[in-house]
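Read the structure below first, then the notes.
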Amino acid sequence: MVEAWPIVERRREFDTIRSLLTPGESAGCGVLLTGPAGVGKTTLARLVTDTMDCAVRWVAGTESARSIPLGVFAHMIGKPTIGDPVMFLSAARDSLLADGPLLLGIDDAHLLDHLSATLLHQLAIDRAARIVATVRSGEAVPDAVTSLWKDGHLKRLDLAPFTKRESIALVESALGGHLEGLSADLMWKASGGNALFLRHLVEGARDAGRLRNIRGVWQLRGQATITNELAALLKGRMDRLPADVLDALKLLSLCEPIDVDVLSELAGDEAIEQAETRGFIAASTDGDTLNARFTHPLWGDVIRRQLGRAASRRLRGRLVQALRTREQSSGTDRIRLADLTLGSDQAVDVRLLTDAAQTAVTMSDVAVGEKFAREALRRDGGLEAADLLARALLTQGRPHEIEEILAAYSPDQLDDIELLRWGMTRICNFYWSMGDSKRGDEVLALLQKRITRPPLSLVVEGIESAQLLYENHLDEANATAERVLADPQAPSFAVAWAVIGQRALPLMGRGDEVAPLVARLREVRAQVDGTLIYPAAYAEIQALTFTGRLDEAQRTADAYSEFTTSGQYIAWGMMKTFIGHVEVARGRLSAAVAGLEEAVAALSSNSLAAWAYPAKIALIQAYSLLGCAEDAERVRASARGRSGRHLVVFDPSMRVAEAWLAAAQGTPVRAVELAHKAAAAAAKTCQFAVEAEALHAAARFGDRSAAPRLTELATRLDGALAPLYAEHAAAVAAADATALDRCATEFERIGALLSAADSAAQATTIHSRHEDKRACSASAAVTDRLAALCGGARTPAILAAEHPLPLTAREREIANLVAAGMSNREIAERLTLSVRTVEGHIYRACAKFDVADREELAAVILRE
């Protein structure tokens, strides 16, 4: 339970209301606020009146007082003459105005009785009081209240729900932490920006254990749940509806959206028209179909709460009968019909359940797929249902349950198609959920032995190519995948697996060859599920970033978000990984950290470690580039604890990230050493694009030896980035500030902002050394601008340009560690040096700063 909910400031509306209530600032005498229940009308009105320097009286209309003459003012009257409304009004008016100028607040003015509304109208006409009143939209309002704004006595102000940004800010302020983007989408959709609904959604979800803090990110898992208090509030409004209108809403609550013609057939035209007039439903066009939807999602939730099991079963049966007479042309139609059938009084078709499960799993909506597959398996759906259930569980991090389901089937009793289905899912489970490469190898060997004839054998080869890729045998992975893709008859699953295998291409620096693979993948997207689509899609993102097409990479990564929906946590996590990968390449570090932390939190289960690994590598680098070494080290430790043979392909990239971590820890010499080790590891396994990234990092750390190899790589790697890396490294080696300025311009042009900032920073340092003040100032201005665009990046080059010190790289490295509080022995162990060598560097650094000892040296470094 959130103890105290914050208030999201509506500054524009606040100022408008206050102006309308201030004498002399408006022609009328106040304001009438309208809007849906829970939108914040009363809260905002009371916030304004609390700031007014005058007497304030608040009254509230209620349903129970609506039948009592002058009900809301009765407590002010004393003992009026019974049956004399004139005396009632006079006594109430005198009581209200007895203490001088009055600011009168009327909450829920639509519930005023006739006499109360009349008194309010008189006060407005006479300008006897300043008035702020609230009215719930969609409700019948007394004529006397309506005339207040129609005749210009009060200014009507329609209060809109919060925007999505305001809603997220409200929830995050209440929770005291960051709300995951996917969870924010779910809450926004469920609440419609209504502040009251948001509050009850958050409290209901927390009470139900569905809203939890994972790695500092609040995540909603499962359906949004409202509190009993909110359900009772909304139910009260529905209780006044005619029976036929309520029947129409009940049907819609079980099947939203629904074709208006189907709903009319079941509930009648008049009931639908009344429901629309009263503001419960709205009709909108989807293609050629006119569909009915609730105006607010929570209406459906409240109605479903009221439905008994028998009534729900009967109504679902009516819907099933009506829908069965119409063509179920799309996968969504089949999912809806299957869902309705399960809870209805109609017979259940197992084929419909497996079709619906297949569609849901393919769309990565794994929770829905699990439900249908489990029901199909319970009704003897066989291996097909069992495999669909296992695939749905695969991306929910439940590997042992998967193994229990599939181990019940003997491979000796399966035909080739069944064996392939069974084997693919177990291989995924062993390799990437359980990290058990040995058992995965055993299943793959079984498939290779049993399934030898095309086209099914092509699927097995595709699986092999992916396995080779993850174990970092790039040449073999690529050759195997090429054989599969060369066959135009290759099944969809064979294509998807082979495209994963050909993720070797961008790593090898052959990014320009990926586009045809992407086109081929898109042809089969509808036939395979997200467990294959997203790893394969990573090839496209890497190809674009490695070749320097960063704007295109950004658009491509953003486009994948269109294929994720509520409940698709793994797909959503992968999408955030793609975007974060591009943001790091562009240098948009703040956005990268926020998105990657959400991705890691979404993929936090131990059995999803393989999915989270690329996100963690990018997150280590992003934190390091910002100078947040402790955060980067935290992520690195968690990533290293989950490595294995099934993730060897990521090892060179992890080493590059660790080089950046060393730089963030103030050890640039060690960072250069680690960058060269990363380059060597990448070159040994043909990851030439990663080798170029590693050597570029070394040059950014100030290393002068990277240019020859980068020049060689520039001739063999696709894209514009590698030649620019070579040009930059050559400029570093030659200490050519003009060339570095030119590189900064080119890096910025292609969107690699942080590489541009580092290049400009290195130019600044050289210009300063040559005492060229004009050039130094120009380069420094570029550095500052780009570093700010990168979220305040703190790379070694930027820090050196900001705080030039008379130290060698090794002296500065050791001085930084002294300032961090490390002893000489600890520094020696960290840098693999002797204690005597460390002492010598400290002595020379002290001499250059004219300080007496390491304590004074630390003070100088910290001050700088």
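One chain, two ends: Arg825 and Glu418. Fully extended at 0.36 nm per residue, the span grows by 140.3 nm beyond their Cα-Cα distance. Between segment 647-662 and segment 405-459, the alpha-carbon centres lie 32 Å apart. Spatial offset of segment 732-793 relative to segment 97-123 amounts to 68 Å, using the alpha carbon center of each. Computed over the alpha-carbon pairs of segment 468-613, the distance histogram in 10 Å steps reads 12, 41, 37, 9, 0 percent, short to long. What pairs in Lys616/Lys684; Lys576/Lys773; Lys773/Lys848; Lys189/Lys250; Lys189/Lys616; Lys189/Lys371 have C-alpha atoms more than 32 Å from each other? In this structure, Lys576/Lys773 exceed 32 Å between Cα atoms. Counting only residues at least eight positions apart within a chain, or on another chain, the lysines with an alpha carbon under 20 Å from that of Lys150 are Lys41.
Listed by chain and number, the lysines placed with their C-alpha closer than 17 angstrom to that of Lys438 are Lys449; residues fewer than eight positions away on the same chain are left out. On the principal axes of its alpha carbon atoms, segment 129-180 extends 47, 25, 14 Å, with the longest extent given first. Starting from the Kirkwood Rh over alpha-carbon pairs, what translational D in µm² s⁻¹ does the chain have by Stokes-Einstein at 4 °C and 1.567 mPa s? Roughly 41 µm²/s, to the nearest whole number.
Rolling a 1.4 angstrom probe over the protein heavy atoms with all chains in place gives the chain an accessible area of 42 Å² per residue. Relative to the longest principal axis of the C-alpha atoms of the chain, give the angle of the C-alpha long axis of helix 609-625, reported between 0 and 90° and rounded to the nearest 10°. That works out to roughly 80 degrees. Decide, for segment 505-565, between rounded, prolate and oblate: order the square roots of the alpha carbon gyration tensor eigenvalues as a ≥ b ≥ c, take rounded if a/c falls under 1.5, and otherwise choose prolate if a/b is larger than b/c, else oblate. Cα axes put segment 505-565 in the oblate bin. For Ile281, nonlocal amide neighbours, meaning residues 5 or more places apart or on other chains whose placed amide H falls under 5 Å from its own, are Glu276, Thr295. The chymotrypsin sites (Phe, Trp or Tyr not before Pro) of segment 493-547 include none that meets both conditions, a loop assignment by DSSP and at most 16 other Cβ atoms within 10 Å of the site Cβ. With both residues required to sit in the chain, DSSP beta bridges show an antiparallel share near 35%. Cross-link reach is defined here as a Cα-Cα straight distance under 17 Å, omitting same-chain residues fewer than 8 places apart; for Lys677 none of the lysines meet it. Judged by the mean number of other Cβ atoms found within 10 Å, the most tightly packed of the peptides 352-362, 755-765 leads the ranking 755-765, 352-362.
Each residue, Glu270 and Ala734, gets one label point 7 Å from its Cα in the Cβ direction; the gap between the two is 9.0 nm.
The relative contact order of segment 550-708, computed from alpha carbon pairs under 8 Å that lie at least 6 residues apart in sequence, is 14 percent.
Quick check: from the Cα gyration tensor, does segment 284-337 come out rounded (a/c under 1.5), prolate or oblate? Because a/c hits 1.5 or more and a/b fails to exceed b/c, segment 284-337 counts as oblate. Taking all protein chains as shown and a probe of 1.4 angstrom, Val648 keeps an accessible surface of around 50 Å². For the chain, the relative contact order is 7 percent, taking Cα pairs closer than 8 Å that sit 6 or more residues apart in sequence and dividing their mean separation by the residue count. Here the Kirkwood formula, the inverse mean of 1/r across different C-alpha pairs, assigns segment 626-668 a hydrodynamic radius of 10.9 Å.
For segment 159-296, the square roots a ≥ b ≥ c of the C-alpha gyration tensor eigenvalues yield an a/c of 1.5 or more together with a/b exceeding b/c, which makes the shape prolate. Mind checking segment 178-276 for trypsin sites (Lys or Arg not before Pro) that DSSP puts in a loop (not H, G, I, E or B) and that have at most 13 other Cβ atoms within 10 Å? Within segment 178-276, the qualifying trypsin sites (Lys or Arg not before Pro) (loop, at most 13 other Cβ atoms within 10 Å) are Arg240.
Here the relative contact order of segment 185-237, from alpha carbon pairs under 8 Å that lie six or more residues apart, stands at 33 percent.
Once the Cα-Cα distance is subtracted from the 0.36 nm per residue extended length, the Ile214 to Ser643 segment shows a gain of 152.3 nm. Net length available on complete extension from Glu172 to Asp380 is 70.3 nm, with 0.36 nm assigned per residue and the Cα-Cα distance removed.
Placing a label point 7 Å from the Cα of Glu552 along the Cα-to-Cβ line, the residues of segment 498-522 whose backbone N sits under 14 Å from it are 506, 510-519.
The values are calculated or read from the model by the stated rules, or taken from the named source; none is laboratory data. For clarity, every value in this text was computed on a predicted model and none was experimentally measured. For neighbour counting, all protein chains shown are included, and Cβ atoms are generated from backbone atoms with ideal geometry for every residue, glycine included. Side chains are part of the model used for accessible areas, which takes the heavy atoms of the whole protein and leaves out ligands, DNA and RNA. Shrake-Rupley method; radii C 1.70, N 1.55, O 1.52, S 1.80 Å.
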